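A short worksheet on the structure shown next.
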Amino acid sequence: MTPSGRLPDDRWRGDRDPPRPEFSRAPRAPLGPPAASPRTSLSVVVCTRDRPVDLLRCVDAIARSSAPDAWTSQELVIVDDGHLEDHDVDRLRERAAGAAFSFAIVPNGPRRGLFDARVTGVARTRGAVILFLDDDVTVAPDYLAVLAALYRRHPTVAGVGGVDRRDRPRPALVAAVHRLVLFDSGRPGALSPSGFPGSMRRWVMSPVDFASEYLAGSNMSFRRSAIAGLEPVAWLASYSLGEDLYLSAFARRRGPLVVSPALGVWHEHSGTSRDRPDVVARAQVVNMFHLLRLRGRPVIGLAPLAVTLAWFVLKDAVRFPRLARLRGYARGAGDLVRLLLGGA
């Protein structure tokens, strides 16, 4: 991995003429014929930062979902990007031990941030399948058993993700606006022309598993072999907006990604934010450009990105108080101009 986050050609599977490191189109027939592969091992990684109440609820749900007969082994690793108190650690350890999980809490690396915490989680786990869960997610009681069945049935997939059961289809007018401003591709498994995952709200309407260009960061799993070699990326710092899209792109080099409506979570969207509104707004400009560049669309994608960002600015300009977000957009635009002029 290069410091800019580009995926080097020699990391691709042994193609004679390796393709460019970009998001490719979601394959039409990703799963192939059902198979019955052997059981494998699971690592559940929860990255957290100063949200002990949310984290405890998350771990309680993981414990209820435990499926030791479906996996050869189960481990739960908490990557602490903040500071957990000793009494919180004791309660978490007790719940994991009672549910047939090996358990560890590890500190994040030298640089704080969600993506770096994911990288730490990969390095500190052993499972052949790595499931990332947000600390404000509640998984369904059958989540881990269903996940195991999907991986056994479809041994060619690189990753599997679930659906937030709190989501509801957008009203027709809102959906039309999102299509107009290029935030939503109109297809559940496709990113929009501006690179945004606005189609995610369509996932709850799908009655069957489907191929997708991306998985939701709140609950996404990958084969360890698909994300081998994952390293920190300079522009995915702090809140790391878009890190789930980057991870999805990284994994898709090795196989298709599949979203299954049978994998249900309830994403609480904690009121304790990981970052300031201006930092998140800046990342919506700069990080999305970096992701477009990974898709091989740094120039052609600028116009759609400008359309979507103009809509963001308009929304936040008429909502009070959102001045911090407006400052973030302005700073992001300045950084984007410097990126374009400097070619960084």
The simple spin-label model distance between ARG276 and ALA333, using points 7 Å out along Cα→Cβ, in nm, is 2.0 nm
Which residue, ASP50, ASP316, ASP90, has the most motion in a Gaussian network model of the chain that connects Cα atoms within less than 10 Å?
-> ASP90
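If you count, for each residue, the other Cβ atoms within 10 Å and average over each peptide, how do 56-65, 322-331 line up from highest to lowest? Can you show the working numbers first?
Numbers: 56-65: 19.4, 322-331: 17.3.
Ranked by mean Cβ neighbours within 10 Å, highest first: 56-65, 322-331.
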Percent antiparallel among DSSP beta bridges (both partners in the chain, rounded to 5) = 35 percent
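Report the calculated FRET efficiency for ARG187 and ILE300 (r = Cβ-Cβ distance, R0 = 22 Å), to the nearest 0.05. Mind showing how you got there, number by number?
On the way: r = 19 Å, r/R0 = 0.86.
Result of the calculation: an efficiency of 0.70.
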Where labels lie 7 Å past Cα in the beta-carbon direction, separation of ALA172 and LEU56 in nm | 4.7 nm
For the chain, the longest principal axis of the Cα atoms and the Cα long axis of helix 323-342 enclose an angle in degrees, to the nearest 10, of 80 degrees
Given a cut-off of under 8 Å on Cα pairs at least six residues apart, what relative contact order in percent is computed for the stretch 169-324?
-> 25 percent
Under the classification rounded if a/c is under 1.5, otherwise prolate if a/b is larger than b/c and oblate if not, where does the stretch 277-342 fall, given a ≥ b ≥ c as square roots of the Cα gyration tensor eigenvalues?
-> prolate
Pair ASP69, ASP142: separation of 7 Å Cα→Cβ label points (nm) | 1.4 nm
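For the stretch 277-342, what does the relative contact order come out to in percent, with C-alpha contacts under 8 Å and a separation of six or more? Walk me through the numbers before you get to the answer.
Details: 54 pairs, mean separation 36.4, N = 66.
Once normalised by length, the contact order is 55 percent.
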If the chain between HIS269 and LEU341 were fully extended at 0.36 nm per residue, the gain over the current Cα-Cα distance would be 22.2 nm
In nm, what is the difference between 0.36 nm times the number of residues separating ALA100 and ALA228 and their Cα-Cα distance?
-> 43.4 nm
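Relative contact order for the chain using alpha-carbon pairs under 8 Å, separation at least 6, rounded to a whole percent? Walk me through the numbers on the way to the answer.
Working: 687 pairs, mean separation 74.5, N = 344.
Value for the chain: 22 percent.
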Top of ASP244, ASP86, ASP275 by mean-square fluctuation, Gaussian network on the chain, Cα under 10 Å | ASP86
Top of VAL106, VAL137, VAL285 by mean-square fluctuation, Gaussian network on the chain, Cα under 10 Å = VAL106
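Values in this text are rule-based calculations from the coordinates and carry no lab data. What you see is a predicted model; the values in this text were computed from it and never measured. Methodologically, a virtual Cβ is constructed for each residue, glycine included, from the backbone with ideal geometry; neighbour enumeration extends over all protein chains shown.
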